[in-house]
1. Hey, S222 hits all of (1) out of contact with any Lys or Arg (no Cβ under 6 Å at 6 or more places or on another chain); (2) in a loop (DSSP other than H, G, I, E, B); (3) of a type in the set (G, A, S) but one; which does it fall short on?
2. Working carefully through the options V99, V32, find the one that is in contact with a Ser or Thr (Cβ under 7 Å, 6 or more places away or on another chain), touching a residue at least 40 places away in the same chain (Cβ under 8 Å) and more than 14 Å from G10 (Cα to Cα).
3. Quick one: which of E246, E272 is within 15 Å of the ligand (Cβ to nearest atom), free of Cβ contacts under 8 Å to residues at least 40 places away in the same chain and surrounded by fewer than 18 Cβ atoms within 10 Å (Cβ to Cβ)?
4. Give just the number: which of (1) more than 12 Å from the ligand (Cβ to nearest atom); (2) touching a helix residue (DSSP H, G or I) at 6+ places or on another chain (Cβ under 9 Å); (3) basic (K, R) does K317 not satisfy?
5. Just checking, does the range 127-138 include any residue being more than 30 Å from V34 (Cβ to Cβ), at pLDDT 95 or above and over 20 Å from the mean Cα position of the chain (by Cα)?
6. Looking at the range 38-65 only, could you name the residues that are closer than 19 Å to D307 by Cβ, in contact with a helix residue (DSSP H, G or I) (Cβ under 7 Å, 6 or more places away or on another chain), among the small types (G, A, S) and more than 11 Å from the ligand (Cβ to nearest atom)?
7. Exactly one condition in (1) more than 16 Å from the ligand (Cβ to nearest atom); (2) on the phi > 0 side of the Ramachandran plot is not met by G240; state its number.
8. Taking the options A36, A3, A66, name whichever one is part of a strand (DSSP E or B) and closer than 21 Å to R313 by Cα.
Amino acid sequence: MRAVVVNKTGGPDVLIVAEREPLSPGPGQLLVDVAAAGVNFMDIYQREGRPPYGRDVPFVPGSEGAGTVAALGPGTEGFAVGDRVAWAGAPGCYAEQVVIPAPSAISIPDGVETRVAAAVMLQGITAHYLCHSTYPVANGDVVVVHAAAGGVGLLLTQMVKMRGGTVIATTSTPAKADLAREAGADHLTSYEEFGSVVEQVTGGSGAAVVYDGVGRATFDASLAAIRPRGMMVLYGGSSGPVPPFELQRLAGAGSLFVTRPTMIHYIATRDELVWRTGDLLTWVKDGRLSVRISGTYPLADAARAHDDLAARRTTGKLLLLPR
Ligand SMILES: NC(=O)c1ccc[n+]([C@@H]2O[C@H](COP(=O)([O-])OP(=O)(O)OC[C@H]3O[C@@H](n4cnc5c(N)ncnc54)[C@H](OP(=O)(O)O)[C@@H]3O)[C@@H](O)[C@H]2O)c1
């Protein structure tokens with residue numbers, strides 16, 4: 001069984017393909033032949049050993065994917081060998097096979113390609129919880145989506161539009177702005193100018209919410225763009241972590257709310273996971289949600305995938321294809 005293994009944390013070159021012992025599923029677990037594994041920023045942080053994301057070495061990176069059930073452990077009623085399943089938040093899937101907890105597995109409906117299911121899980125669940133639960137977008141809300149051509153960004157833009165929001169989207173290049181426009185963004189702008197676009201669009205009152213996965217580079221300008229009692233949703237830090245923050249600033253900025261959500265708390269129960277993924281896979285099947293896969297890589301090129309993601313060369317989703 002071939003897998004990407006991290007024996008010591010560091011740069012992309014620590015991602016080495018190695019032969020591993022065959023896996024077998026324990027109670028409540030499924031053994032899955034991995035068709036596609038999602039590449040995410042979290043995988044980079046874990047590879048680097050960046051606190052608080054570090055893992056004990058050696059480990060197989062990757063927490064999201066889709067494939068076919070190859071064997072069942074006891075207590076996995078409801079699943080059968082040959083089923084197509086997808087998951088997010090189960091470690092070790094940069095590999096030909098992975099063992100996942102059955103409660104993390106979602107059956108892929110007919111009419112949805114396995115690769116597309118892999119591509120929509122982690123970033124799709126994230127986009128879903130951000131605009132349905134963290135700040136539930138209401139009809140007419142003006143919303144800022146940073147990095148709108150990214151994996152989360154393209155999905156979040158489409159979902160905010162489904163809920164009747166107006167999207168002000170930031171991207172770094174005209175080509176990325178075009179993708180955000182195709183996803184439904186109403187106003188395209190840069191990281192330098194989005195504050196003045198918010199001002200124009202809202203007549204000076206400010207955005208209801210900023211969804212900020214960029215972090216260090218955008219945090220201050222994001223806060224300044226929010227209306228009184230609006231919400232700052234800092235869900236990532238692709239430009240780096242936000243430095244320590246003086247809470248008193250929130251009063252002067254308009255009694256703002258700030259939250260730093262993470263996916264695991266928004267799929268805390270099986271019901272919640274099934275709700276979010278059910279929406280996602282239904283929308284994909286119906287053609288209401290478009291999933292952009294911008295790059296596919298063999299396991300041996302995992303380092304190149306990490307490089308591309310970190311260097312802002314990508315849009316939408318990157319997948320590793322182990323087979
Ligand atoms: N909290 C959660 O539950 C959760 C879940 C999933 C992801 N995340 C986080 O959300 C963020 C986005 O994740 P994603 O997978 O969808 O990635 P992504 O948006 O596809 O890629 C990151 C994008 O961020 C933008 N960016 C701005 N400054 C950057 C910089 N200095 N270095 C690199 N990129 C920069 C780039 O777009 P432009 O070139 O257009 O600027 C880049 O393409 C990440 O921080 C990730 O950790 C959080």
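The values are calculated or read from the model by the stated rules, or taken from the named source; none is laboratory data. This one's a predicted model, so the numbers in the text were calculated from it and none came from an experiment. For neighbour counting, all protein chains shown are included, and Cβ atoms are generated from backbone atoms with ideal geometry for every residue, glycine included.
1. With (1) out of contact with any Lys or Arg (no Cβ under 6 Å at 6 or more places or on another chain); (2) in a loop (DSSP other than H, G, I, E, B); (3) of a type in the set (G, A, S) applied to S222, the lone miss is (2).
2. When all the criteria are applied, what remains is V32.
3. Details: E246 fails: within 15 Å of the ligand (Cβ to nearest atom).
Only one candidate passes the filter, namely E272.
4. The number of the failed condition is (1).
5. The answer is yes, given that some residue of the range 127-138 is more than 30 Å from V34 (Cβ to Cβ), at pLDDT 95 or above and over 20 Å from the mean Cα position of the chain (by Cα).
6. Within the range 38-65, G62 is the sole residue that qualifies.
7. It fails just one condition, (1).
8. Result of the check over A36, A3, A66: A36.
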